Amino acid sequence: MKTLTNALPGIRALDWNEETKCLLIGTRGCEIYEVGADSEDMPKQFMWGHYNGEVWGCAVNPKDQTFVSCGGDKTL
């Protein structure tokens, strides 16, 4: 993870999607990556972190591949 980000590396959360065979990775720097099981490419970054304060919440749409987060840096 250290080669992927300048923020605080380190995995905080993992989620496996059996249907798409992808792993979602959440880091201590509040970044979210997707890695395909058969992919040799670099992980795709979905979100850059909230760097001032902390992440207060995250909501995921159950029918669409969208999500939103909010944090102490007053961004959504």
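What follows is calculated from the coordinates using simple rules that are stated; it is not laboratory data. Computed from a predicted structure; not experimentally measured. Virtual Cβ from ideal backbone geometry, glycine too; neighbours counted across all protein chains shown.
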With each pseudo-label sitting 7 Å past Cα toward Cβ, what's the Cys70-Lys21 distance in nm, one decimal?
-> 3.9
So, by mean Cβ neighbours within 10 angstrom, what's the order for 16-28, 59-71 with the highest one leading?
-> 16-28, 59-71
Expressed in nanometres to one decimal, the distance between label points 7 Å along Cα→Cβ at Gln45 and Ile11 is 1.9
What length, rounded to one decimal in nm, is gained on full extension from Arg28 through to Val60, with 0.36 nm per residue of separation minus their alpha-carbon distance?
-> 9.6 nm
